[in-house]
Amino acid sequence: MDRRSAKKQRRKKRSGLKITLIILGVLLLIGAGGFYYVYGSVKNTANKMHDSSAWDGSSKRKKEPTPSKGDPLSILILGVDERQGDRGRSDTLILVTVNPNTNKMVMTSIPRDTRTEIVGKGKEDKINHAYAFGGTKMAIKTVENFLDVPVDYFLKVNMESFKGIVDALGGVTVDNERLAFNYDGYSFPKGELKLSGKEALAYTRMRKQDPQGDFGRNERQRQVISAIINEGAQISSVTKMGDILDVVGTNVKTNMTFDEMKDIQSKYKGARKNVENIEIKGQGQRIGGIYYLIVPEDEKTKIQTTLKEQLEL
């Protein structure tokens, strides 16, 4: 093989794994080395994940963004807690907005207890109940209404499968700086922690022992997402990659096509180096004996303005 062919083959290998990591659902906008000969498996997994029926685009846009042109776009990560015979609730709601023109990514965590109008239900309730009432579409419309920005794509991840992704990576490492705690039979002291899949799931689910409640929980979720990205970027084993694809193919759904995933990797990967995390602030209040987070109008306006600027709306 001559030098030019070898260089081209190395580029193809790198491209294969980049796409693989993107379709893991939470592993957005990363670059890494990899193996080109898993490309077919990656495409098959992407096709299994694809679900165009759940969301066909936002009415808040005059024109849908085109990833191949590098238009700013938004992706809603829905971590759902699904049980047998029960649709479940959206355990995690994170809106990721990406602007390749400024090379910036904003991750906005929406507290699950946020009280807002449930679009299509005709009442106010906790925002995470929207998924239980009307599935992915109602959850997306409710988030759009709350933040007043379009949701272009969604990634729905079964939280039980979350541990499978972590185990397939061989575990993840996080720095637990703020709070030592025990939860679900596991102990999480302060300091650097190497977490298995079950441990990572427990680490991201605890909130009642945390003085910061949902805000602390959201912080730990972002820690684990970042750790998955870091571990995923170092994958060198075809066996590991196969295990990951098996988990992802059956537990992650998205309206992104395979070609859109490739375009996002190509046009938006620089934004992963400039990430801003936004927490939506509010006050806890009991209404009818039920706890809600009430977000003031000025806080909502501030968040909405930031996201509209990020999406160039």
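The values are calculated or read from the model by the stated rules, or taken from the named source; none is laboratory data. Remember, predicted model here, so these are calculated numbers, not experimental data. Every residue, glycine among them, receives a Cβ derived from its backbone with ideal geometry; neighbour counts consider all protein chains shown. The area values use the complete protein model at the heavy-atom level, side chains included, leaving out ligands, DNA and RNA. Shrake-Rupley method; radii C 1.70, N 1.55, O 1.52, S 1.80 Å.
Hey, how many Å between the Cα centroid of segment 279-313 and the Cα centroid of segment 172-218?
When both Cα centres are located, 25 Å separates them.
Cα-Cα over 28 Å: which of LYS121/LYS262; LYS104/LYS190; LYS60/LYS121; LYS121/LYS163; LYS62/LYS267?
LYS121/LYS262; LYS104/LYS190; LYS121/LYS163
Can you compute the FRET efficiency between ASP298 and GLU160 using 1/(1 + (r/R0)^6), with r the Cβ-Cβ distance and R0 = 51 Å? Round to the nearest 0.05.
Working from the Cβ atoms, E equals 0.85.
Of the heavy-atom accessible surface of segment 88-194 (probe 1.4 angstrom), what whole percent is carbon and sulfur?
That share works out to 40 percent.
Starting from the Cα-Cα distance between GLU177 and LYS69, subtract it from 0.36 nm times their residue separation and give me the gain in nm to one decimal.
So the chain would gain 34.9 nm between GLU177 and LYS69.
Given points 7 Å out from each Cα along the Cα-Cβ axis, report the THR305 to LYS62 separation in nanometres with one decimal.
Output for this residue pair reads 2.3 nm.
Taking R0 as 41 Å, what FRET efficiency do you get between VAL275 and SER53 from their Cβ-Cβ distance, rounded to the nearest 0.05?
Between VAL275 and SER53 the formula returns 0.85.
What is the spin-label model distance, in nm, from THR250 to ASP184 if the labels are put 7 Å beyond Cα along the C-beta direction?
1.9
Could you report segment 125-199's accessible area per residue, 1.4 Å probe, as an integer in Å²?
37
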